[in-house]
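Since the structure comes first, as structure tokens, the remarks are kept for the end.
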Amino acid sequence: MDAQLFTYLEDFLTERRRELFKEVLAQRTKHITVVTEGVYQLHNTSAVVRSCDIFGIQELHVIEEIEGRRIDKEIAMGAQKWVDVIRYDSVESCIASLRAQGYKIIATTPHGEAVGPKTLDLTEKIALFFGKEGDGLSDYVMQEADAHLTIPMYGFTESLNISVAAAISLYELVGRLRSENIPWQLNEAEILDKRIDWTLKSIKNADQIIERFLEDNNID
């Protein structure tokens, strides 16, 4: 987007809104990303979106091999506006895309040999995979994973609801990330891209405003 146009659009926001965008983006990360595989209960995916926003995770990857579902806005409470939801129709394409971006695949599981959030290696970018209710992650993800993550549990129940597991994992891992000497923040280009995106999402009739600006300034 042209710098002059972006400056013009920002004038439609309050100063507090503009500063809030900068403050939040300074805390955003893509060093950790989250993936849900075949999570068919809509409220669970929506709750994960909310947790991603709360803990500063910019991207959520959603694998929907059967049918697409829309994020429940009431449960996400507006978080879907600020978190990028990237959809895939197969687990293979999702893993291939994440590996191409330099992510290590981390499968969450309550069973087998796995490390906890306090000891998982964070020196490289990680993609946390959470599976569908009841069945967990597919065999393909478990086999392709570079590491397995578990949340220590001490009762009779052997599993957590996916949205709870995601929230606990992100709380622990994001806290560690910020305390360790790891470059986790967005770069300048990524920050500018999201400032533009969030500005457009915040302005009513943004398309019409842009069209009028281009006409007034004789820009094709």
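The values are calculated or read from the model by the stated rules, or taken from the named source; none is laboratory data. Nothing here was measured: the structure is a model prediction, and the numbers come from that model. When we count neighbours, we look across all protein chains shown, and the Cβ atoms used for this are built from the backbone with ideal geometry, even at glycine. For accessibility, only protein heavy atoms count, side chains too; no ligands or nucleic acids. Shrake-Rupley method; radii C 1.70, N 1.55, O 1.52, S 1.80 Å.
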Legend entry - Cross-chain or 6+ apart pairs with Cβ under 6 Å, region 155-175 first and under 15 Å from Cys52 (Cβ atoms), then buried (at least 21 other Cβ atoms within 10 Å of the Cβ) and hydroxyl-bearing (Ser, Thr, Tyr): Ala166/Ser51; Ala167/Ser51; Leu170/Ser51
Inset, instruction - Given the conditions (1) open to solvent by 30 Å² or more (accessible area, probe 1.4 Å); (2) within 17 Å of Leu192 (Cα to Cα); (3) of a type outside the set (A, V, I, L, M); (4) at pLDDT below 95, report the number of the one that Lys22 does not fulfil. - result: (4)
Inset, instruction - Say whether the condition of being in a helix (DSSP H, G or I), of a type outside the set (Val, Ile, Thr) and surrounded by 14 or more Cβ atoms within 10 Å (Cβ to Cβ) is met by at least one residue in region 151-161. - result: no
Inset, instruction - Could you tell me whether any residue of region 106-120 is open to solvent by less than 20 Å² (accessible area, probe 1.4 Å), modelled with pLDDT of 95 or more and outside any loop (DSSP other than H, G, I, E, B)? - result: yes
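Restricting attention to region 170-198, report how many residues are of a type in the set (A, V, I, L, M) and touching a Ser or Thr at 6+ places or on another chain (Cβ under 9 Å). Spell out the reasoning first.
Going through region 170-198, the residues of a type in the set (A, V, I, L, M) turn out to be 170, 173-174, 177, 182, 186, 189, 191-192, 196.
Going one step further and asking which of them are touching a Ser or Thr at 6+ places or on another chain (Cβ under 9 Å), we end up with 170, 174, 177, 182, 186.
Counting residues in region 170-198 that are of a type in the set (A, V, I, L, M) and touching a Ser or Thr at 6+ places or on another chain (Cβ under 9 Å) gives 5.
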Legend entry - Conditions (1) open to solvent by less than 70 Å² (accessible area, probe 1.4 Å); (2) modelled with pLDDT under 90; (3) of a type in the set (Gly, Ala, Ser); number of the one not met by Ala167: (2)
